[in-house]
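First comes the structure, then the notes that go with it.
The values are calculated or read from the model by the stated rules, or taken from the named source; none is laboratory data. Small disclaimer: the values here were computed from a predicted structure and weren't measured. Accessible surface is based on the protein model in full, side chains and every heavy atom, while ligands, DNA and RNA are left aside. Shrake-Rupley method; radii C 1.70, N 1.55, O 1.52, S 1.80 Å.
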Amino acid sequence: YNKGMSKKIIDIIALSFALTSCNMTLLQYEDFKEHQITFQNIFVEQDHHLVYFYEETCFHCQKIKQKVLSFFSKTTMLFYLVDEIPMEQIDKNYQKSLGKERPEDVFIPGFPTMMMIENQKITKFYIGSMEIQKWIDEVEK
């Protein structure tokens with residue numbers, strides 16, 4: 001019987017348990033399947049709602065993923081997620097989309113982007129991880 005070896009094994013088991021129990025569950029986009037829509041359906045909802053555009057491989061989207069998904073998991077706001085945007089709808093002159101009510105008239109400057117739609121018209125854009133994060137922080141206050 002080797003006391004030193006037993007102590008090391010117990011320490012390893014204790015450390016493994018501590019690390020596993022401290023590991024918080026990370027939210028995934030797939031957890032919000034019922035909120036996934038296509039670009040063509042962003043105006044389908046009559047009520048005031050948010051649409052979050054992201055790309056799974058986008059660095060800035062990954063950077064704020066947990067913040068955004070955590071917010072969506074707690075909010076009472078109506079929201080949708082879009083991960084596929086037609087290339088012809090990506091345009092840095094997204095401001096021309098304000099007030100529009102047809103998908104073909106909507107332009108997204110890149111990822112991540114969040115827009116607010118009220119009365120089936122785009123009323124506000126939040127562009128990039130810093131702006132989206134700032135908006136979430138303000139709403140959560």
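Given a 1.4 Å probe and the protein chains all in place, what does the accessible area of GLU104 round to, in Å² to the nearest 10?
Surface open to solvent at GLU104 totals about 90 Å².
Express in nm, to one decimal, how much length is gained between MET77 and THR57 on full extension, taking 0.36 nm for each residue of separation and deducting their alpha carbon distance.
4.6 nm
Could you pull the Cα extents of segment 39-141 along its three principal axes, largest to smallest, in whole Å?
Cα spread of segment 39-141 along its principal axes, largest to smallest: 32, 29, 19 Å.
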